[in-house]
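Structure first, then comments.
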Amino acid sequence: MKAAEQLKKMIEESGNIVFFGGAGVSTESGIPDFRSVDGLYHQKYDYPPETILSHTFYRQRPEEFYRFYRDKLIGFDAQPNAAHKKLAQWEEEGRLKAVITQNIDGLHQAAGSKKVLELHGSTLRNYCEDCGKFFDIEYIRESEGVPVCDACGGPVKPDVVLYEEGLDQKILSEAVSFIKNADVLIVGGTSLVVYPAAGLIDYYSGHKLVLVNKTSTARDGMADLVVQGAIGEIFSQL
């Protein structure tokens, strides 16, 4: 039986699926992957992306941070692809219990998913560091330099987890709980190298761990099923 057919059978027989995904889920929507050959890490900037997207850099060079942020992280009119839509469908059918994502683009919600745990936050939410007022992505896109609050004049920060910042512990513990209790855990579009997020799959103790990725990962050996290819293409067949 082909790997995709095995996956289809697993899904049809389960009512407790959890999906854990990374950048590869959104590349088919036109959002670049950080670590792929043509991803952001391989483009030329004065500083590497992981430096620009660090808490220290945000504090020390906010204008440069926002120039990169607008250009590379919110400069897209991306739409959900087949993978996002299929996950939303499974949730509606009662099969999928949660989507746990490392992505910050909000495409799972745009596709209709309700239970989405955003480990690294979202570019769709931005808040004033002084008064706490929230702003949408358009406010940032249309602003210049360092965006400031229209109520108090304080600096506006994206509600995303930068390098050097810790993950939200409430979201993390909820993600652990879903993974621990899952019947089927599907991990897709992630190289499983970014910690602590990548370590989450260690909490899964079931026998239906599925890895869906374009390339092999260091965790392929522990998976019960490995499906190689573009996740949108694979999910559209399920």
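Spot the failing condition for Glu92; the list is (1) open to solvent by less than 70 Å² (accessible area, probe 1.4 Å); (2) under 24 Å from Glu233 (Cβ atoms), and only one is missed.
For Glu92, the exception is condition (1).
Mind checking which pairs have a first residue in region 115-134 that is without any contact (Cβ under 8 Å) to a residue 60 or more places away in the chain and a second that is in a loop (DSSP other than H, G, I, E, B) and β-branched (Val, Ile, Thr), Cβ under 8 Å, 6 or more apart or different chains?
Glu118/Ile104; Gly121/Ile104; Gly121/Val161; Ser122/Ile104; Thr123/Ile74; Thr123/Ile104
Find the residue count for region 91-134, including only residues that are assigned to a strand (DSSP E or B) and within 20 Å of Leu53 (Cα to Cα).
Count: 10.
Can you pull out every residue in region 16-45 that is modelled with pLDDT of 95 or more and open to solvent by 30 Å² or more (accessible area, probe 1.4 Å)?
Asn16
For region 47-68, name all the residues that are part of a loop (DSSP other than H, G, I, E, B) and crowded, with 19+ Cβ neighbours inside 10 Å.
Result: Leu53, single match.
Collect the residues in region 69-87 that are open to solvent by less than 10 Å² (accessible area, probe 1.4 Å) and either closer than 18 Å to Leu238 by Cα or without any contact (Cβ under 8 Å) to a residue 60 or more places away in the chain (or both), keeping them in residue-number order.
Ala83, His84, Leu87
Counting just the residues of region 191-210 that are open to solvent by 30 Å² or more (accessible area, probe 1.4 Å) and not small (Gly, Ala, Ser), which one comes out nearest to Val18 (Cα to Cα)?
Lys208
Under 8 Å between Cβ atoms, at least 6 apart or on separate chains: pull out the pairs that start in region 158-169 with a residue that is at positive phi and end on any residue that is open to solvent by 40 Å² or more (accessible area, probe 1.4 Å).
Final answer for the pair search is Glu164/His55; Glu164/Thr56.
Show the residue pairs that are 6+ apart or on different chains and have beta-carbon atoms under 7 Å apart, the first residue being within region 18-30 and on the phi < 0 side of the Ramachandran plot, the second being part of a helix (DSSP H, G or I) and open to solvent by 20 Å² or more (accessible area, probe 1.4 Å).
Matching pairs, first to second residue: Val18/Phe178.
Quick check on my filter: what residues within region 181-230 are among the charged types (D, E, K, R), without any contact (Cβ under 8 Å) to a residue 24 or more places away in the chain and in a loop (DSSP other than H, G, I, E, B)?
The one that is among the charged types (D, E, K, R), without any contact (Cβ under 8 Å) to a residue 24 or more places away in the chain and in a loop (DSSP other than H, G, I, E, B): Asp224.
If I filter region 211-222 down to residues being among the hydrophobic types (A, V, I, L, M, F, W, C) and modelled with pLDDT under 95, which single residue comes out as most open to solvent (accessible area, probe 1.4 Å)?
My answer is Ala218.
Can Glu164 be described as among the acidic types (Asp, Glu) and in contact with a strand residue (DSSP E or B) (Cβ under 8 Å, 6 or more places away or on another chain)?
So Glu164 passes the test.
Going through region 171-199 one residue at a time, which ones are modelled with pLDDT under 95 and more than 25 Å from Asn81 (Cα to Cα)?
Selection gives Tyr195, Pro196, Gly199.
The values are calculated or read from the model by the stated rules, or taken from the named source; none is laboratory data. Treat the numbers as computed from the prediction; the structure is a model and nothing was measured. Here the Cβ is made from the backbone with ideal geometry for all residues, glycine too, and neighbour counts use every protein chain on show. Note: accessible area is taken over every heavy atom of the protein model, side chains too, but ligands, DNA and RNA are not part of it. Shrake-Rupley method; radii C 1.70, N 1.55, O 1.52, S 1.80 Å.
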